[in-house]
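Take a look at the structure below.
The values are calculated or read from the model by the stated rules, or taken from the named source; none is laboratory data. Since this is a predicted model, take the numbers as computed values, not measurements. Glycine also receives a Cβ, built like all others from the backbone with ideal geometry; neighbour counts cover every protein chain displayed. SASA here: full protein model, heavy atoms, side chains in, ligands and nucleic acids out. Shrake-Rupley method; radii C 1.70, N 1.55, O 1.52, S 1.80 Å.
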Amino acid sequence: MFQVNNIGNTRQVRLADIQDAHKTLIDGCSQMKGKWFISDGTLLGFHRNKDFIPQDTDIDVAVMVDDVAPDINLDMELIRTATWDDKIVQKAYRDLNECIFDIFFYYKEGDYYVTRGDYGFIKLPAYEIIDYKTKYGTFPAPKQTEEYLTLRYGDWKTPKQDKGIHVHNS
């Protein structure tokens with residue numbers, strides 16, 4: 001059963017605030033054991049637009065978990081937790097600049113990593129993680145970036161006017 005606990009309110013943040021959050025993201029995620037990478041709209045923007053997507057409101061991170069989700073100790077306000085079958089599938093944090101960090105947990109099942117969320121069931125292969133260079137610094141990202149973006153968005157090359165619907169698989 002998928003459950004969400006939202007804490008507090010969220011609002012769209014300024015692009016400048018998101019851009020300033022690079023160090024916080026790297027410091028917070030680097031303390032985790034296991035693979036993590038920038039994901040979803042953050043990776044889409046960096047790859048397609050070479051920048052953040054203007055209408056995006058957060059920084060997205062995927063964490064590949066073999067068994068139990070790692071503890072994440074970000075010096076921020078926890079604003080959302082989501083669980084699926086008693087496993088944490090998402091934690092969202094807000095920093096002092098109102099920048100939101102969405103951390104999604106994918107659990108190993110056979111040769112894949114799976115999760116459930118607002119958009120349904122998502123199944124990812126075990127991607128090789130590389131250092132992905134952006135104008136804001138270097139982030140971990142799937143080597144098969146375009147394959148990942150196609151799996152998540154379908155036609156990711158055509159910009160949308162809003163966040164729209166993710167493609168998900170079953």
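Within the full protein context, the accessible area of Ser30 is estimated at about 70 Å² for a probe radius of 1.4 Å. In this structure, Thr81 and Ile26 have a Cβ-Cβ separation that, at R0 = 25 Å, corresponds to a calculated FRET efficiency of about 0.65. What shape does the stretch 33-152 have by the C-alpha gyration tensor, where a ≥ b ≥ c are the square roots of the eigenvalues, rounded means a/c under 1.5, and otherwise prolate means a/b greater than b/c and oblate the rest? Oblate shape, in that a/c is at least 1.5 and b/c is the bigger or equal ratio.
Ligands, DNA and RNA are left out, and with a 1.4 angstrom probe the accessible area of the stretch 28-155 is 45 Å² per residue.
Reducing the stretch 110-150 and the stretch 52-99 to their Cα centroids gives an inter-centroid distance of 15 Å. In this structure, Glu147 and Asp67 have a Cβ-Cβ separation that, at R0 = 25 Å, corresponds to a calculated FRET efficiency of about 0.45.
Rolling a 1.4 Å probe over the protein heavy atoms of the stretch 29-112, with every protein chain left in place, gives an accessible area that is 46 percent carbon and sulfur.
Across the stretch 39-170, C-alpha contacts under 8 Å between residues 6 or more apart give a mean separation that, scaled by the residue count, equals a relative contact order of 21 percent. For the stretch 90-106, putting each phi into the Karplus relation 6.51 cos²θ - 1.76 cosθ + 1.60 with θ = phi - 60° gives couplings of 7, 10, 10, 10, 10, 8, 5, 8, 6, 6, 9, 10, 9, 10, 10, 9, 10 Hz, in residue order, rounded to whole numbers and with x for Gly and Pro.
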